[in-house]
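Notes to accompany the following structure.
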Amino acid sequence: MSTPRADDQRIRDHVTRLGELHPPIDPASADYSMRDVAAVRDRFADVLAYMARVEMEVERNVLELAVLLPGSSDVDRTFANDVWSPQEERHGVLLDTLVGHLGLPPVQADLDTVSPKVRLLGALAHLPALHEVIRLLYYLTGAATERSATIAYQSMSASLAEMGEHALRETVVDAIKAQEPGHFAFYRLSATHLVQSGALSPWQLHLARFLRSRTFGPVGANGAEQRTDSGAVLVQLGLEDRIEHHVRDIARVESQLLWAQREGMAVPPYALRAFREAAERYRERATRQPALAA
Ligand SMILES: [Fe+2]
Ligand SMILES: [Fe+2]
């Protein structure tokens, strides 16, 4: 295991490199020409609406972070404000523009409401012992979110290739997809460093396990309606068929850091349950409102 000092430096170097290698995507580089607009719209309407909203709401996530972790470190702030947020905001711009080209309704994103839950956690985070627990949960959420995004974009990219929509695939979806693994690596490195440095005592790790298992949700899903919407992404991208495989991938960092002592817990049951429930909710809604379930 590396010393904490070396890990700090490694995380710092990673953030610097990400900023240098991945400037925010230039909107002018995106080519929205399509062979069959209707086919792309039919295939991805709900998926794009969901992904565009989540990418755009990064603006709110930055506000939430300031409330959630009042004592965040320089490197956390540099990553969030100077690297992650500018990149993600452009992902939102690209997807929102694509939604417009497809003739779909404008994306409804909440850019500035910091939820009472975040405010409560932020108040608790003023206590140093809880700050570190919340920091770990923030990293784990980030890792799961970024892996989810990569999996979704990989699936979209493969479908667009099959459909012969090469311009859209290369200049929009693949361009975004290329930036997500660096974000994942930041959260994975940060979570791993926090746990391996021994900064968290057994009761803090126990609390982190408890809170994580009670609060886990699919990426970008706040409330029942959005959880159902997230099910549309799973179902329409065909991810449901190998859900256990995908959830194992999405939850790998927390499986290793929080649940290593539980042999065989390759897929945390709370994570699998959350994704399965989202898919089921979407199917239920589709049965009730077939017109919305294209
Ligand atoms: Fe993104
Ligand atoms: Fe990302």
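The values are calculated or read from the model by the stated rules, or taken from the named source; none is laboratory data. These numbers were taken from a predicted model, which means no experiment stands behind them. Note that we place each Cβ from the backbone using ideal geometry, even for glycine, and neighbour counts take in every protein chain shown.
Residue-wise test of (1) of a type in the set (Ser, Thr, Tyr); (2) more than 24 Å from ASP46 (Cα to Cα); (3) under 17 Å from the mean Cα position of the chain (by Cα).
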{"site": "HIS131", "(1), (2), (3)": "no, yes, no"}
{"site": "ARG135", "(1), (2), (3)": "no, yes, yes"}
{"site": "THR141", "(1), (2), (3)": "yes, no, yes"}
{"site": "ALA152", "(1), (2), (3)": "no, no, yes"}
{"site": "GLY164", "(1), (2), (3)": "no, no, no"}
{"site": "LEU168", "(1), (2), (3)": "no, no, no"}
### Summary
Within segment 76-102, residues being away from ligand 2 (no atom under 16 Å from the Cβ) and over 22 Å from TYR153 (Cβ atoms) number 1
### Query
Only one of these conditions is not met by SER73: (1) surrounded by fewer than 20 Cβ atoms within 10 Å (Cβ to Cβ); (2) more than 12 Å from ligand 2 (Cβ to nearest atom); (3) under 15 Å from the mean Cα position of the chain (by Cα). Which number is it?
(3)
### Summary
Here the qualifying pairs (Cβ atoms under 6 Å; residues six or more apart or on different chains; first in segment 86-112 and closer than 12 Å to VAL54 by Cβ; second among the small types (Gly, Ala, Ser) and within 16 Å of ligand 2 (Cβ to nearest atom)) come out as LEU95/ALA52; ASP96/ALA52; VAL107/ALA52
### Query
Yes or no: VAL62 in contact (Cβ under 8 Å) with a residue 12 or more places away in the chain, of a type in the set (Val, Ile, Thr), surrounded by fewer than 20 Cβ atoms within 10 Å (Cβ to Cβ) and within 16 Å of ligand 1 (Cβ to nearest atom)?
yes
### Query
Mind checking which residues of segment 162-176 are surrounded by fewer than 19 Cβ atoms within 10 Å (Cβ to Cβ) and out of contact with any Leu (no Cβ under 8 Å at 6 or more places or on another chain)?
GLU162, MET163, GLY164, ALA167, GLU170, THR171, ASP174
### Message
So for segment 30-40 (the condition being at pLDDT 95 or above, over 28 Å from PRO116 (Cβ atoms) and within 16 Å of ligand 1 (Cβ to nearest atom)), does at least one residue qualify?
### Response
yes
#### Entry: Filter result for the condition that a residue is more than 20 Å from ILE250 (Cβ to Cβ) and either among the small types (Gly, Ala, Ser) or crowded, with 16+ Cβ neighbours inside 10 Å (or both), over GLY231, GLY220, GLY182, GLY198
GLY198
### Task
Mind listing just one residue for me: the one in segment 73-97 that is more than 18 Å from ASP7 (Cβ to Cβ) and of a type in the set (Asp, Glu) and, of those, farthest from ligand 1 (Cβ to nearest atom)?
ASP82
### Task
May I ask you to list pairs of residues, at least six apart or on different chains, whose Cβ atoms are under 9 Å apart, with the first in segment 147-164 being more than 23 Å from ALA185 (Cβ to Cβ) and the second being among the basic types (Lys, Arg) and surrounded by fewer than 16 Cβ atoms within 10 Å (Cβ to Cβ)?
MET163/ARG35; GLY164/ARG35
### Message
Whether any residue in segment 21-39 is basic (Lys, Arg) and either surrounded by 13 or more Cβ atoms within 10 Å (Cβ to Cβ) or under 19 Å from LEU137 (Cβ atoms) (or both) is what I want to check.
### Response
no
#### Entry: Residue match in segment 112-133 (condition: outside any loop (DSSP other than H, G, I, E, B), more than 21 Å from LEU68 (Cβ to Cβ) and more than 13 Å from ligand 2 (Cβ to nearest atom))
no
### Query
Of the residues that make up segment 30-50, is at least one outside any helix (DSSP H, G or I) and under 16 Å from LYS177 (Cα atoms)?
yes
